[in-house]
Amino acid sequence: MQREITINEFENTINAVDKIDEPIVIKRNNKEDLVVISLEQYKKNLFFTEINSKIEKGEEDLKNGRVHSAKSVFKELRKKYGY
């Protein structure tokens, strides 16, 4: 769920709220303009966006044959680091 407020209500709302539990949509000129979310939610969103991007890249690499066997990867690591 989300709350919708005007830009004029934003300052009063943000000062009265201890914790932002849901996105706050701010309207300017009667149009949705900004969204305020907690830093915690922002960090979660950023994390999942980054993970999804890496998964998509991995799937693209797999589709285009840009892969190595685990055996060859570990062989190279042993050669480089002496394990």
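Every read-out reported here was derived from the displayed coordinates using simple, explicitly stated rules and does not represent laboratory data. Note that the structure is predicted; figures quoted are calculated from it, not measured. Note that we place each Cβ from the backbone using ideal geometry, even for glycine, and neighbour counts take in every protein chain shown.
For the chain, the set of trypsin sites (Lys or Arg not before Pro) satisfying both a DSSP loop assignment and a count of at most 13 other C-beta atoms within 10 Å is given as 19, 66.
Compute, for the stretch 39-83, the length of the dipole vector about the Cα centre, with Cβ point charges of +1 (Lys, Arg) and -1 (Asp, Glu) only. Units Debye, rounded to 20.
Numbers: 11 positive and 7 negative charges, 82 e Å.
About 400 debye.
Distance between the modelled labels on residue 76 and residue 63, one decimal in nanometres: 2.3 nm (7 Å Cα→Cβ projection). Counting only DSSP beta bridges with both residues in the chain, the antiparallel share comes to about 55 percent. Only one of the values (i) 53, 19, 17; (ii) 69, 15, 11; (iii) 63, 29, 18 was calculated from this structure for Cα extents along the principal axes in Å; name its label. Looking at Cα extents along the principal axes in Å for this model, the match is (iii).
Once Rh for the stretch 39-83 is found with the Kirkwood sum over Cα pairs, what is the Stokes-Einstein diffusion coefficient at 4 °C and 1.567 mPa s, in µm²/s?
Stokes-Einstein gives a translational diffusion coefficient of 100 µm²/s.
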